[in-house]
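Novice: Below you will find the structure I want to go over with you.
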Amino acid sequence: MTALTCQLLDVSIAGKAICNQLDLKLAPGQFWGLLGPNGIGKTTLLKCMAGLSPPDNGNVLLENQAIDKLPRRAIARLLGMLQQHTVYVFDASVLETALTGRHPHLGYWEREGQYDKQKALDAIRAVDLEGFEARSVTRLSGGEARRLAFAALIVQEPAILLLDEPTNHLDMKHQVRIMNHVEEQVLKEQHSAMIALHDVNLAARYCSHILMLFGGGDWQAGPVGELLSLENLERLYQCPVEAVQTAAGQRFLPGD
């Protein structure tokens, strides 16, 4: 079972502390929500956890090994990251782009086979882009490009998912589709996920654990039932918040 561990992690950007002494573990079967206001550093923290940028202090461990000591190819077989923005500049088809998710699993001179192609076709179908296989990525809408980026991540088959606002640019139907797929990977496949969100109610609906970034290096982490309180949310977003009880549990609205 693959786990990602942050050990006493200090992360900052432009001299501004994002987290001090962050100590947590993404264990199999856990679905983490990463919450915080705009500009607090969620993207920077996710990149650090993915081994794309170094922390100021502390360690990130992947399978109990320092992630900065592992080859990127080995990391990509275990961990996948969806970046915040999806922009396709160079011409390629939707199918070709989805197939890039198989590259960590292929030899250096090995070409994709029928198995890899079927994985890509299944992922394209999963994100509701069936029939787009031959379309150029430069002709996709923002939401379609976002779904394609997620399809490539599905094809990669990582045990750990780090997702930076995956529902950005998506309508409600496709937000739910993406979140359902991540939930299925976490619960059925015993994978783990950390997902940066602006929608607190998506976190309340799907997540098992929450990491909150308050600024100045302050953070809180724990089970969703303990973290999603009016007190914490008002501190996090610096505005009044109201709770509404629904059949599925508490949901949250901006207060007066």
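Any read-out appearing in this document is the output of simple, stated calculations on the displayed coordinates, not a laboratory observation. As the structure is a prediction and not an experimental result, all values here were calculated from the model. Reconstructed Cβ throughout: ideal geometry from the backbone, glycine too, with neighbour counts over all protein chains shown.
Novice: When you scan the stretch 204-217, how many residues do you find that are more than 24 Å from A17 (Cα to Cα) and either outside any loop (DSSP other than H, G, I, E, B) or aliphatic (A, V, I, L, M) (or both)?
Specialist: 3
Table: residues versus (1) surrounded by 21 or more Cβ atoms within 10 Å (Cβ to Cβ); (2) more than 18 Å from H181 (Cα to Cα); (3) in contact (Cβ under 8 Å) with a residue 40 or more places away in the chain; (4) among the aliphatic types (A, V, I, L, M).
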site	(1), (2), (3), (4)
G107	no, yes, no, no
Q114	no, yes, no, no
D122	no, no, no, no
R125	no, no, no, no
D128	no, no, yes, no
G131	no, yes, no, no
S136	no, yes, yes, no
R139	no, yes, no, no
A151	yes, no, yes, yes
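Novice: Which residues, counting only those in the stretch 1-39, are assigned to a loop (DSSP other than H, G, I, E, B), farther than 16 Å from A221 by Cα and among the aliphatic types (A, V, I, L, M)?
Specialist: M1, A3, A14
Novice: Exactly one condition in (1) touching a residue at least 60 places away in the same chain (Cβ under 8 Å); (2) surrounded by 22 or more Cβ atoms within 10 Å (Cβ to Cβ); (3) not charged (D, E, K, R) is not met by P37; state its number.
Specialist: (2)
Novice: Of the numbered conditions (1) in contact (Cβ under 8 Å) with a residue 12 or more places away in the chain; (2) over 12 Å from the mean Cα position of the chain (by Cα), P166 fails exactly one; give the number of that condition.
Specialist: Among (1) in contact (Cβ under 8 Å) with a residue 12 or more places away in the chain; (2) over 12 Å from the mean Cα position of the chain (by Cα), the lone unmet condition for P166 is (2).
Novice: Tell me, which residue of the stretch 45-86 that is in contact (Cβ under 8 Å) with a residue 40 or more places away in the chain and small (G, A, S) is nearest to L4 (Cα to Cα)?
Specialist: Looking at residues that are in contact (Cβ under 8 Å) with a residue 40 or more places away in the chain and small (G, A, S), I get A50.
Novice: Oh, and also: Applying the selection to the stretch 51-67, what residues are acidic (D, E) and surrounded by 15 or more Cβ atoms within 10 Å (Cβ to Cβ)?
Specialist: E63
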